[in-house]
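Asks: I'd like to ask you about the structure that follows.
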Amino acid sequence: MPASPVTARIAHGVASIPAAAWDACAGTANPFVSHAFLSALEESGSVDARSGWQPLPIVIDGADGTPAAIAPAYAKSHSQGEYVFDHGWADAWERAGGEYYPKLQVAVPFTPVPGPRLLLRDPEMAPALIAAIEAVTDQNGLSSAHVTFLEENQRAAFEAAGWVMRSGTQFHWQNDGYASFDDFLAALSSRKRKAIRKERAAALQGLTVRHLTGAEIDETHWDAFWHFYQDTGSRKWGRPYLTRSFFSMLGAAMGDRLLLMLAEHDGVPIAGALNLIGADALFGRYWGCSQDVPFLHFELCYYQAIEAAIARGLARVEAGAQGEHKLARGYAPVTTWSAHYIPDPGFRRAVAEFVEREQAAVAQEQEYLGELMPFRRGG
């Protein structure tokens, strides 16, 4: 804890902070908290007050006048695009006569990927930055603050501050030192191994899959992928979150950290999956198609991702939120965490009781799901 009083400020968006200063706090391991990713969301119009995600990064400057700690915070006027569902909390608070929105969200918009939410050039600033998040919530009369998809090693700091901790489940593939996809298959039961080979053969019949990164990705590829993304977004959310220009900006700013997989028929893309490359993980983010091909979603999003992670020596593949169908493809249940600051004592108590019951159910479900993994017994 710093010895002298700390002053925090709210910046006018990520783009208002120099990239080098931001990334000195964010580090390089997780691409989603990079200045390039978050500023592209702003500058493309994907994130702004009109979308219900008003950027309000909370910054503590060091003695040198540059940021020592940053929280990527947003004022939210709804609960869409978060993947940690609190609609029931909002309904309960509003039935009691309160106003749940706006609330403060510390997160990466539209991105259910665990990562740092306290961006720290100086690790000793963690308690001060949490206190700053609380102060912004209190001073502006907000109902609550929510830190979602918090990486495990920052969990203790929020627990120490008395925040309500909430758990969830995702499915990640772990690289157990595999030399090839066949090496991974050898670890599975015979029945699961045969099922995956059958799925892959059906998905790839008559198709070619290309892996593109960096300068290999041009605007024609983004045009094709935008078409796929729009189709998926309109079916899932009614309106895609991201604008077309976001993908061009992302490609220009961090193309070497992108892996775009395109499935082509006679040279024409019919499906695509976009991944981001981290220091030790491949992150599957967006998928879409123009033709319905059986098992092609599994092929591009799961099997091709495994092959790419093995080839790059990455420790795991994180394939996004939810999806128990990932179990049969070798993706194991893991716990995700969020932290919640609720100033009103009665409301906090009700949420804490709900979360305690929910957490017991999550743990029980994960134990059950773990028994369904496709690996050979004793392997």
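The values are calculated or read from the model by the stated rules, or taken from the named source; none is laboratory data. Quick caveat, the model's predicted, so the values are computed rather than measured. Ideal geometry is used to build each Cβ from the backbone, glycine not excepted, and the neighbour counts take in all protein chains shown. The protein model used for the area step is the full one, side chains on, heavy atoms only, and it has no ligands, DNA or RNA in it. Shrake-Rupley method; radii C 1.70, N 1.55, O 1.52, S 1.80 Å.
Asks: Could you list all residues from segment 178-208 that are assigned to a strand (DSSP E or B) and either among the hydrophobic types (A, V, I, L, M, F, W, C) or more than 26 Å from HIS265 (Cβ to Cβ) (or both)?
Replies: LEU188
Asks: Tell me, please, whether a residue that is in contact (Cβ under 8 Å) with a residue 60 or more places away in the chain, on the phi < 0 side of the Ramachandran plot, touching a strand residue (DSSP E or B) at 6+ places or on another chain (Cβ under 6 Å) and open to solvent by less than 60 Å² (accessible area, probe 1.4 Å) can be found in segment 83-94.
Replies: Yes, segment 83-94 contains at least one residue that is in contact (Cβ under 8 Å) with a residue 60 or more places away in the chain, on the phi < 0 side of the Ramachandran plot, touching a strand residue (DSSP E or B) at 6+ places or on another chain (Cβ under 6 Å) and open to solvent by less than 60 Å² (accessible area, probe 1.4 Å).
Asks: Pairs please, first residue from segment 122-139 and of a type outside the set (D, E, K, R), second anywhere and in a helix (DSSP H, G or I) and open to solvent by 60 Å² or more (accessible area, probe 1.4 Å), Cβ atoms under 9 Å, 6+ apart in sequence or on different chains.
Replies: Final answer for the pair search is PRO127/ALA160; ILE130/ALA160.
Asks: Still on this structure: Can you pull out every residue in segment 2-52 that is in contact with a helix residue (DSSP H, G or I) (Cβ under 6 Å, 6 or more places away or on another chain), aliphatic (A, V, I, L, M), under 11 Å from ILE70 (Cβ atoms) and in contact (Cβ under 8 Å) with a residue 60 or more places away in the chain?
Replies: If the condition is that a residue be in contact with a helix residue (DSSP H, G or I) (Cβ under 6 Å, 6 or more places away or on another chain), aliphatic (A, V, I, L, M), under 11 Å from ILE70 (Cβ atoms) and in contact (Cβ under 8 Å) with a residue 60 or more places away in the chain, then ALA8, ALA26, VAL33, LEU38 are the ones that fit.
Asks: Given the structure, is ALA68 touching an Asp or Glu at 6+ places or on another chain (Cβ under 9 Å), under 23 Å from GLN139 (Cα atoms) and not β-branched (Val, Ile, Thr)?
Replies: Judged against the criteria, ALA68 is a match.
Asks: Go through segment 358-379 and report how many residues are at positive phi and surrounded by 11 or more Cβ atoms within 10 Å (Cβ to Cβ).
Replies: The qualifying residues number 0.
Asks: Another one. Going by the structure shown, is TYR341 surrounded by 22 or more Cβ atoms within 10 Å (Cβ to Cβ), within 12 Å of LEU282 (Cβ to Cβ) and either modelled with pLDDT under 95 or touching a strand residue (DSSP E or B) at 6+ places or on another chain (Cβ under 8 Å) (or both)?
Replies: No: the conditions fail for TYR341.
Asks: Still on this structure: Tell me, please, whether a residue that is more than 25 Å from PHE295 (Cα to Cα), surrounded by fewer than 20 Cβ atoms within 10 Å (Cβ to Cβ) and touching a strand residue (DSSP E or B) at 6+ places or on another chain (Cβ under 8 Å) can be found in segment 223-241.
Replies: Taking every residue of segment 223-241 in turn, none turns out to be more than 25 Å from PHE295 (Cα to Cα), surrounded by fewer than 20 Cβ atoms within 10 Å (Cβ to Cβ) and touching a strand residue (DSSP E or B) at 6+ places or on another chain (Cβ under 8 Å).
Asks: Can you tell which of TYR241, TYR229 is under 30 Å from HIS340 (Cβ atoms), among the aromatic types (Phe, Trp, Tyr) and in contact with a Gly (Cβ under 6 Å, 6 or more places away or on another chain)?
Replies: Unique residue meeting the criteria: TYR241.
Asks: Taking segment 326-379 on its own, how many of its residues are under 19 Å from LYS194 (Cα atoms) and charged (D, E, K, R)?
Replies: The total comes to 4.
Asks: Among (1) in a helix (DSSP H, G or I); (2) open to solvent by less than 40 Å² (accessible area, probe 1.4 Å), where does GLU124 come up short?
Replies: Failing condition for GLU124: (2).
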